[in-house]
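A.B. asks: Handing you a structure now.
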Amino acid sequence: MLESLTGAVELGLLYALMAIGVYITFRILDFPDLTVDASFTTGGAVAAVMISNGGSPLLATICAFGCGLAAGAVTGLLHTKGKVNGLLAGILMMIALYSVNMRIMGKPNISLVNTDTLFTSIEGNTVLYLLVLAIVVIMVKLLLDAFLHTDLGLALRATGDNARMIRSLGANTDTTKIIGVSLSNGLVAVSGAMIAQQSGFADMSMGVGTIVLGLASVIIGEAIFGIRSVVRATLAVILGSIVYRIIVALALRVEFLDTSDLKLITAVIVVGALVIPTVRRSMKQKSVARRRTQELIAAAGSQGGRS
Amino acid sequence: MLDISQVSKLFNPGTPDEKIALMNIQLKLEPGDFVTVIGSNGAGKSTLMNIISGVMKPDIGEVRIGGKAIHHLPEHMRSRWIGRVFQDPMAGTAPTMSIEENLSMAYKRGKARGFGWGANAAKRKLFREQLSRLGIRLEDRMSAKVGLLSGGERQALSLLMATFTQPQILLLDEHTAALDPARAELITDLTEEIVRDMSLTTLMVTHNMEQAIRLGNRLIMMDKGRIILDIPESRKRDLTVPQLLGEFERISGRQLADDRIVLG
C-alpha cells in the first residue's frame, strides 16, 4: 500500500508539469489545446533519442522543452494567424506531430534501460528522489507564478479573460496566445521527457490521452484546493495531479478493474468533476433565488401592499 | 489633434445586406475639445468609434492623430494614443484579475510589455492616489477581483484605466447607458471632472440629449452614416432638448429614433 502511494506521488509529480501546461491553455487562455497529446510524446522521443545515443540527460530534457515550445508555437500560429478554429488547430498539430515523432524516434519505441538518466543517481533513495522531484516542480511553479505577475504575464492572463480589453490597452493578443500555447507545450514536453526517463522507454503512444489526464488534474485540484489566486491555482494543479494518481492507484486495487480501464476511469473522473459543481451551483442558485424572492415578497407585504 | 477626412465604411459589400455605415465623414478635433455625438439607431456613431480605435478600418479615407496617419495600424498599436470606455461595464476590465492588476495593464498602455513586475510599490502608490480620485473607496480594495465589483464601480475603474495615462484621444461609447440613473450620474460627473482636469481631447457618444447639450464644447449629430449637424460652443450654450430634436426633424425629415433615448 505504502509503495503504491509513493508510486502515485512520484507519478503525480512527474505529470505535474504537464498538468501546469494544460492549466495555462485550458484555464488561463481558455483554449483547449489538443497538441499536448502529441507534444508529450515529442518530449519523450527527443529525450530518449538523445540519451540512448549517449547524450546528457539534462541537455536532452532541455531540448525536449525547446521542441515542445516549437510545436506549441506552430499551433498558436495556426490558430491566430491562420484563423483556424482552436480545437482543429490542436488536432491538426497532433496528427502532424505523430509523423514527426516517428521520424525523431525512427522506430515505434526506444528503451532507456541500463542507460544513465536524470534520475539514475537518486533513484535508490525514495525520500530523496521524491524530495528532488518536488523541489523541481515547485521551482517551475514559482517561476511560472512570477511570470504571470509580470507585465507580459498580466497581458497573457487578460487575453483569456477579456481579449477585447487588453487589445484596447495595446497588447497584441495573437502574440500572447502564441506565447501561452508555446509555453504550455514546452512544459508538457518536459513532462514527457521525464516520464520516458522514469519508465525507461519512450514509445509512440505514450502521449495518448494527455489532454484528459491534464484536465483531470486541473479540475480535481481546483475542486479540492481552490483557485483564489494564480499562486493558489498552480499549487492546486500540482496537488490535483498527485491526487489523481492516488485515485487511480486506489481504483486499480478494485478487483474487477483492469489497467486498460484506466482511460475510462479518467474520463469518469473528469466528467464527474465537471458535472457535479455545475449541478450543485445551479441547485444553489435556484434555492437562493427562491429564498430571496420570498423575503422580498414578505418585505413588500409587511409594508402593507396596496391593492 | 484628431483629424478624420473623407472616411467611408461599407458593411457587407456586394451582398443584399450591403449598408453604408459611414459616408464621407469629415471631423476635426482641436486639442482639449470635448465633442458629444448623438444620432438615431444605426447612424454610424459606434462605427465611427471603431474606425478611430482601429477595431475596423475605413474603406476609404484617413484618420490622423497629431498629424500622424494611423488608419492603417491595428488596434493594439493605436492604443498608445487612444483611451476608450465601452458601453458594457464588463468590457473594459478583466474580471478574474484584481483592481491593481487591471490598473497595471492600463499603466502599460501602448508600451512594450516585458518581464518587469506588473505592480511594484511605486506603481501601487500611484494606483492608490488615482483610485482615491474616484471617491468610491476602491483604493481600499486594490487586491479584490474586479468581477466582484458592481457595474458602476467597474465602469468607474474602466474610466480611470482609460484616462490616467493621459491618452491624446479619449473615446466614450455610451459609457453610462447600461447603468442605473444614480450610477450613470456618478460616472457622468467623474467623466466631466477627469476630462476637465486632464484637458483630454474627447469624443463621447451618448443617448442622453440633456447630457449631450450640457457636457463638452461642441455637439455633432449623425444620421445614416453622415454628420448632419455640427453645433459649436457658442450656439450649444443656449440649446434646449426640444430645439435639438426639432433640428433633427428639419434636416432628416423624420423623428429621432433611438431605443434608449433619454431626453434629460
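A.B. asks: All but one of (1) within 13 Å of chain B (Cβ to nearest Cβ); (2) surrounded by 24 or more Cβ atoms within 10 Å (Cβ to Cβ); (3) closer than 22 Å to A:PHE65 by Cα hold for A:ALA202, so report the exception by its number.
C.D. replies: Status for A:ALA202: all satisfied but (1).
A.B. asks: So if I check each of A:GLY82, A:GLY12, which one is surrounded by fewer than 15 Cβ atoms within 10 Å (Cβ to Cβ) and in contact with a helix residue (DSSP H, G or I) (Cβ under 8 Å, 6 or more places away or on another chain)?
C.D. replies: Sole residue among the options that is surrounded by fewer than 15 Cβ atoms within 10 Å (Cβ to Cβ) and in contact with a helix residue (DSSP H, G or I) (Cβ under 8 Å, 6 or more places away or on another chain): A:GLY82.
A.B. asks: Within segment A:128-149, identify whether any single residue is in a loop (DSSP other than H, G, I, E, B) and either touching a strand residue (DSSP E or B) at 6+ places or on another chain (Cβ under 7 Å) or away from every other protein chain (no Cβ under 13 Å) (or both), and answer yes or no.
C.D. replies: Yes, segment A:128-149 has at least one match.
A.B. asks: Among the residues of segment B:122-133, are any touching a helix residue (DSSP H, G or I) at 6+ places or on another chain (Cβ under 9 Å) and either at the interface with another protein chain (Cβ under 9 Å from one of its Cβ atoms) or outside any helix (DSSP H, G or I) (or both)?
C.D. replies: No, because not a single residue in segment B:122-133 is touching a helix residue (DSSP H, G or I) at 6+ places or on another chain (Cβ under 9 Å) and either at the interface with another protein chain (Cβ under 9 Å from one of its Cβ atoms) or outside any helix (DSSP H, G or I) (or both).
A.B. asks: Tally up the residues in segment A:266-303 that are of a type in the set (Gly, Ala, Ser) and within 30 Å of the chain's Cα centre (by Cα), please.
C.D. replies: 4
A.B. asks: So which residues in segment A:58-72 are under 17 Å from the mean Cα position of the chain (by Cα) and more than 13 Å from A:ALA38 (Cα to Cα)?
C.D. replies: A:PHE65
A.B. asks: Continuing with this model, one more query. Got a sec? Which of A:ALA216, A:ALA202 is within 21 Å of A:LEU118 (Cα to Cα) and not acidic (Asp, Glu)?
C.D. replies: After ruling out the rest, the residue left standing is A:ALA202.
A.B. asks: Looking only at residues in segment A:154-166 that are more than 7 Å from every other protein chain (Cβ to nearest Cβ) and buried (at least 23 other Cβ atoms within 10 Å of the Cβ), which one is nearest to the chain's Cα centre (by Cα)?
C.D. replies: By that ranking, first place goes to A:LEU156.
Residues checked against (1) under 17 Å from B:PRO89 (Cβ atoms); (2) small (Gly, Ala, Ser); (3) open to solvent by 30 Å² or more (accessible area, probe 1.4 Å):
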{"site": "B:PHE164", "(1), (2), (3)": "no, no, no"}
{"site": "B:ILE169", "(1), (2), (3)": "no, no, no"}
{"site": "B:ALA177", "(1), (2), (3)": "yes, yes, no"}
{"site": "B:ARG183", "(1), (2), (3)": "yes, no, yes"}
{"site": "B:LEU190", "(1), (2), (3)": "yes, no, no"}
{"site": "B:MET222", "(1), (2), (3)": "no, no, no"}
{"site": "B:GLY225", "(1), (2), (3)": "no, yes, no"}
{"site": "B:ILE228", "(1), (2), (3)": "no, no, yes"}
{"site": "B:ASP238", "(1), (2), (3)": "no, no, yes"}
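A.B. asks: Sticking with this structure for a sec: Take residues that are open to solvent by less than 50 Å² (accessible area, probe 1.4 Å) and away from chain A (no Cβ under 14 Å) and tell me which of the strands (runs of 3 or more DSSP E) falling wholly in segment B:1-112 contain 1 or more.
C.D. replies: It comes to B:2-11, B:19-29, B:34-39, B:60-65.
A.B. asks: Moving on. Which one of these does B:ALA43 not meet: (1) touching a Ser or Thr at 6+ places or on another chain (Cβ under 9 Å); (2) closer than 26 Å to B:ALA178 by Cβ?
C.D. replies: (1)
A.B. asks: For a quick check of your reading of the model, give me the residue pairs whose first member lies in segment A:85-113 and is touching a residue at least 24 places away in the same chain (Cβ under 8 Å) and assigned by TED's automatic domain parsing to the domain that holds A:ALA45, whose second is surrounded by 15 or more Cβ atoms within 10 Å (Cβ to Cβ) and among the basic types (Lys, Arg), with beta-carbon atoms closer than 8 Å and at least 6 apart or on different chains.
C.D. replies: If the second residue must be surrounded by 15 or more Cβ atoms within 10 Å (Cβ to Cβ) and among the basic types (Lys, Arg), no pairs are left.
A.B. asks: Go through segment A:277-295 and give me each residue that's open to solvent by less than 100 Å² (accessible area, probe 1.4 Å), without any contact (Cβ under 8 Å) to a residue 12 or more places away in the chain and either on the phi > 0 side of the Ramachandran plot or not small (Gly, Ala, Ser) (or both).
C.D. replies: Within segment A:277-295, A:THR278, A:VAL279, A:VAL288, A:THR293, A:GLU295 meet the criteria.
A.B. asks: Is it fair to say B:ARG214 is within 23 Å of the chain's Cα centre (by Cα) and open to solvent by 60 Å² or more (accessible area, probe 1.4 Å)?
C.D. replies: yes
A.B. asks: A further question on this structure: Given the structure, is B:VAL241 aliphatic (A, V, I, L, M) and at pLDDT below 90?
C.D. replies: yes
A.B. asks: In this structure, is A:LEU143 within 25 Å of the chain's Cα centre (by Cα) and open to solvent by 90 Å² or more (accessible area, probe 1.4 Å)?
C.D. replies: Yes: the conditions hold for A:LEU143.
A.B. asks: Which ones in segment A:167-190 are open to solvent by 30 Å² or more (accessible area, probe 1.4 Å), within 7 Å of another protein chain (Cβ to nearest Cβ) and part of a helix (DSSP H, G or I)?
C.D. replies: A:ARG167
A.B. asks: Follow-up. Within the set of pairs 6+ apart or on separate chains, which have a first residue in segment B:81-95 that is over 13 Å from B:GLU153 (Cα atoms) and among the small types (Gly, Ala, Ser), a second that is in a loop (DSSP other than H, G, I, E, B) and open to solvent by less than 10 Å² (accessible area, probe 1.4 Å), and C-beta atoms under 6 Å apart?
C.D. replies: Listed pairs, sorted by first residue: B:GLY83/B:PRO167.
A.B. asks: Could you please find all residues in segment A:102-114 being surrounded by 17 or more Cβ atoms within 10 Å (Cβ to Cβ) and out of contact with any strand residue (DSSP E or B) (no Cβ under 9 Å at 6 or more places or on another chain)?
C.D. replies: Hit for segment A:102-114 is A:ILE104, nothing else.
A.B. asks: Okay, moving on. Do we find that B:THR165 is β-branched (Val, Ile, Thr), within 14 Å of another protein chain (Cβ to nearest Cβ), touching a strand residue (DSSP E or B) at 6+ places or on another chain (Cβ under 8 Å) and assigned to a loop (DSSP other than H, G, I, E, B) in this structure?
C.D. replies: Yes, satisfied.
A.B. asks: Among the numbered criteria (1) more than 14 Å from chain A (Cβ to nearest Cβ); (2) outside any loop (DSSP other than H, G, I, E, B), which one does B:GLN155 miss?
C.D. replies: With respect to (1) more than 14 Å from chain A (Cβ to nearest Cβ); (2) outside any loop (DSSP other than H, G, I, E, B), B:GLN155 is out only on (1).
The values are calculated or read from the model by the stated rules, or taken from the named source; none is laboratory data. These numbers come from a predicted model, not from an experiment. Positions of Cβ are generated from backbone atoms using ideal geometry, with glycine treated the same way; all protein chains shown enter the neighbour counts. For accessibility, only protein heavy atoms count, side chains too; no ligands or nucleic acids. Shrake-Rupley method; radii C 1.70, N 1.55, O 1.52, S 1.80 Å.
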